[in-house]
Amino acid sequence: MTSIHRVGAALAAVVLLASCTTGGSKPGADRVLQLTSDLGIQKVGWAQVTSDQVWVRSVKDGAWQTATLTGKTSQVQGTESSDFGWKQVAPAELKVSDLEQAMTQHEQQCQQGLQGQVGATTTGALLSLVTCNQKVVSTAVSGAELAPIKQWDAVGIDTALKDVAAVQGPQARHLSFSTPKSGTVGGKLLVRDIGAPVTGVDGKPCMVTVTRFGTPDEALGTLDWAGCDQAEPFGDGTFARSEVSGAAIEQGLTKAASVMGIDPTDIGSFDVFSQKGVLRVQASAGDGVPAKAPSVTVPLG
């Protein structure tokens with residue numbers, strides 16, 4: 001099975017177009033419903049469809065399991081060790097038909113290897129990917145394609161904050177931004193967002209990590225859902241996303257850069273978190289940038 005994911009954590013999604021199926025196959029939406037009906041699965045978090053096979057992930061006995069329909073054969077493939085953090089919804093709520101319609105935009109350019117995925121996020125918003133030969137060609141949240149972000153100015157930061165809030169909800173645990181001058185992410189513009197704890201499938205607290213890329217990552221798309229297994233947050237508590245804005249972060253970065261003796265454009269990464277009830281911004285100088293201090297933490301705003 002091909003799915004879009006970060007190393008060690010699976011990603012979102014579903015669905016291949018009915019018009020892309022061959023040999024008289026049923027539409028993907030019908031095949032997902034057939035699979036869940038055959039196996040008595042009432043709630044799912046994620047699905048993926050190709051022209052000849054569908055997969056779903058559901059929870060059983062405190063763990064995610066993957067089931068597949070190939071031809072007329074439905075079967076459980078096995079139990080997953082990761083907690084993907086997907087919200088469990090009725091199969092029809094994944095709205096596979098809507099995603100199939102969206103995928104028609106890519107079928108002429110991708111006559112082979114076209115597939116789609118959809119997953120129900122913490123908020124219930126649907127995160128979908130369309131891939132062609134394992135390369136992501138579309139990332140959407142609730143059917144809306146995510147716009148590119150060129151730089152971490154106030155507007156770019158606000159765009160990213162809006163997109164991650166749409167899937168993570170109103171509370172956050174940690175925001176970690178990287179700029180092209182960071183030496184750790186290959187020059188990519190991105191933000192990793194750790195959401196407020198939710199209850200995992202094993203009954204324990206789970207913090208979902210998502211990554212919002214400025215421009216689409218070839219393998220992961222514009223928004224990557226990494227599940228609950230990679231969270232290592234700064235700070236000591238959650239905070240309301242409404243307390244954070246692009247303008248406030250930009251102001252904090254200007255202060256931090258002044259203390260470091262560098263230009264704000266030479267910042268390589270910056271983090272937003274809550275420490276003892278106070279929102280803070282920690283900024284670090286870019287790779288190879290001479291600074292009075294390698295990193296500085298200041299109050300937000």
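The values are calculated or read from the model by the stated rules, or taken from the named source; none is laboratory data. Please read these numbers as outputs of a predicted model, since none were measured by experiment. Glycine also receives a Cβ, built like all others from the backbone with ideal geometry; neighbour counts cover every protein chain displayed. Remember, those area values only see protein heavy atoms, side chains included, never the ligands or the DNA or RNA. Shrake-Rupley method; radii C 1.70, N 1.55, O 1.52, S 1.80 Å.
Annotations for the structure displayed:
- Search result, residues across the range 170-201 that are touching a helix residue (DSSP H, G or I) at 6+ places or on another chain (Cβ under 8 Å), assigned to a loop (DSSP other than H, G, I, E, B) and open to solvent by less than 20 Å² (accessible area, probe 1.4 Å): none
- Contact map, the range 233-257: residues that are at negative phi paired with residues that are surrounded by fewer than 19 Cβ atoms within 10 Å (Cβ to Cβ) and of a type in the set (K, R), Cβ distance under 7 Å, separation 6+ or inter-chain. Pairs shown: D236/K276.
- Within the range 281-301, considering residues that are assigned to a strand (DSSP E or B) and open to solvent by 60 Å² or more (accessible area, probe 1.4 Å), the one farthest from Q251 (Cα to Cα): T297
- Flag for T254 being open to solvent by 40 Å² or more (accessible area, probe 1.4 Å), at pLDDT 95 or above and part of a strand (DSSP E or B): no
- Selection of first residues in the range 165-193 that are under 16 Å from S245 (Cα atoms) and of second residues that are in a loop (DSSP other than H, G, I, E, B) and open to solvent by less than 20 Å² (accessible area, probe 1.4 Å), restricted to Cβ pairs under 6 Å at least 6 apart or on distinct chains, gives the following pairs, ordered by first then second residue: A166/A125.
- The conditions of being of a type outside the set (S, T, N, Q), open to solvent by less than 50 Å² (accessible area, probe 1.4 Å) and assigned to a loop (DSSP other than H, G, I, E, B) are not met by V118.
- Taken together, the residues in the range 121-148 that are open to solvent by 40 Å² or more (accessible area, probe 1.4 Å), under 27 Å from K43 (Cβ atoms) and part of a strand (DSSP E or B) amount to 1.
- Scanning the range 88-111 for residues that are within 24 Å of V210 (Cα to Cα), surrounded by fewer than 18 Cβ atoms within 10 Å (Cβ to Cβ) and of a type in the set (D, E, K, R) turns up E93, D98.
- Put simply, of Q101, Q108, Q112 the only residue that is farther than 30 Å from P205 by Cα and part of a helix (DSSP H, G or I) is Q101.
- Selection within the range 202-219: residues that are touching a strand residue (DSSP E or B) at 6+ places or on another chain (Cβ under 8 Å) and surrounded by fewer than 21 Cβ atoms within 10 Å (Cβ to Cβ). The member of this set that is farthest from S295 (Cα to Cα) is D202.
- Q75 open to solvent by 80 Å² or more (accessible area, probe 1.4 Å), among the polar types (S, T, N, Q) and not in a strand (DSSP E or B): no
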